[in-house]
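What follows is a single structure, written as structure tokens, with notes after it.
Read-outs throughout are calculated quantities, based only on the coordinates presented, and are distinct from any laboratory measurement. None of the values given here were measured: they were computed from a predicted structure. Note that we place each Cβ from the backbone using ideal geometry, even for glycine, and neighbour counts take in every protein chain shown.
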Amino acid sequence: MHATTLPPRGKLLGGLAAAGITNGLLNRVVDTVATDGLAGGIAGTFGISALVWIAACMCVTQAWTAQREPAGAWDIACGWIAAAMLCIPSDVVSWVTVSGVALYFIKRTAPSSALRRAAVILFAITIPCFWSRILFALLSDSILSADAFLVSAVIGTERNGNVFETADGTGAIWIAPGCSSLANVSLAILCWTLFVNVGAGNQANATKALFWCSLSAAAVIAINVGRMALVGLEPQFYDAVHGRVGSAIAGWLTLGAMVAISFQGIRHDRRAHS
């Protein structure tokens, strides 16, 4: 087969990314629609952070519009293997496949290219959607205990494992897996990665990149811990804080903090290079 008949590498990556992300998120979308209805699912972004949807669109768009470099034999082989794996009806297999595709293109693409940046974004998407869940499954007790430790330190009460006492001494609150700060930290990593790699790209210094990404992670942990501390201080507000309104407010605050810090980090880096 002549090289000119092969599809561009960007379209290959974009197609695999779109198929893999769709397969990986489909079950969650279906479950949300079944529970909340279509309108409720759309309003709640199907229980998936809006940042993930934005990153997915940016990844596919950037890959699809990248320089039209024809795919090589190894690219085609990677594409066929990934396509076969994506036919398996399993979100776990889909995310592992997407991760492999992303790492392949990161390894075999020039660092400054739009295609490389799209592949980096693609791998970053897998962190909140899959790898953080694997990490939580392995270290859930330690992660939830760390959250409880932070909350108890803020409100000045005792804690035992992932349970902390309320400030009025009338009871204790158990931190459920859904309240872990880990999910928000993984989103902070995705947000920073998106800011660094979107468009023309911003070649941030590694040390500075780590600082701003860590600052974003610390901010979202603080928001999550603050939300749980509020319940510990005022248990009568539990339903309000953990209900839809409280969750929505916390979600928007978290997103705002991640975006603001990432934007400031990129802005600072640009000034340093100007």
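How far, in degrees from 0 to 90, does helix 132-155 lean away from the longest principal axis of the Cα atoms of the chain, to the nearest 10?
30
Nearest 10 degrees, 0 to 90: what angle lies between the long axis of helix 73-86 and the longest principal axis of the chain (Cα atoms)?
40
Could you point to the residue in THR126, ALA71, THR61 farthest towards the positive end of the range 1-138's charge dipole, with +1 and -1 charges on the Cβ of Lys/Arg and Asp/Glu respectively?
Projecting each Cα onto the dipole axis, the largest value belongs to ALA71.
For the range 21-102, state what percent of all Cα-Cα pairs lands in each successive 10 Å bin, counting from 0 Å until the bin that includes the largest distance.
All Cα pairs, binned at 10 Å, distribute as 16, 38, 33, 12, 2 percent.
Helix-only estimate, please: 222 nm mean residue ellipticity of the chain, summing -39500 (n - 2.57) across DSSP H runs of length 4 or more and dividing by its residues, to the nearest 500.
Numbers: 10 runs with 197 residues, N = 274.
Dividing the helical sum by the residues of the chain leaves -24500 deg cm²/dmol.
Label 7 Å along Cα→Cβ of GLN67; the range 10-45 residues with amide nitrogen under 14 Å?
Only 10 pass the distance filter.
Relative to the present Cα-Cα distance, how much length would full extension add between TYR238 and ASN160 at 0.36 nm per residue of separation?
My answer for the length gained is 26.1 nm.
Length gain on complete extension for the stretch VAL245 to VAL29, per 0.36 nm per residue less the alpha carbon to alpha carbon distance?
75.7 nm
Would you please classify the overall shape of the range 113-259 from the alpha carbon gyration tensor, given that a ≥ b ≥ c denote the square roots of the eigenvalues, rounded means a/c under 1.5, and beyond that prolate means a/b larger than b/c while oblate covers the rest?
Since a/c reaches 1.5 and a/b is larger than b/c, the shape of the range 113-259 is classed as prolate.
Sorted by mean Cβ packing within 10 Å, highest first, what order do the peptides 10-22, 168-180, 228-240 take?
Ranked from most to least packed, the peptides come out as 10-22, 228-240, 168-180.
Need one number: nm distance between label points at SER90 and ARG108, each 7 Å from Cα along Cα→Cβ, rounded to one decimal.
It works out to 2.4 nm between the two label points.
Just name one of GLN236, THR170, SER99: the one whose Cα is farthest towards the positive end of the charge dipole of the chain (beta-carbon charges, Lys/Arg +1, Asp/Glu -1).
The Cα lying farthest towards the positive end belongs to SER99.
Charges at C-beta only: +1 for Lys and Arg, -1 for Asp and Glu. How large is the resulting dipole of the chain about its Cα centre, in Debye rounded to 20?
That gives a dipole near 1280 debye.
With angles folded into 0 to 90 degrees, how steeply does helix 206-233 sit against the dominant principal axis of the chain? Use alpha carbons for both and round to 10.
30
Grab the Cα-Cα distance for ALA50 and ALA172, subtract it from 0.36 nm times how many residues apart they are, and report the gain in nm with one decimal.
Full extension of this stretch gives 40.7 nm more.
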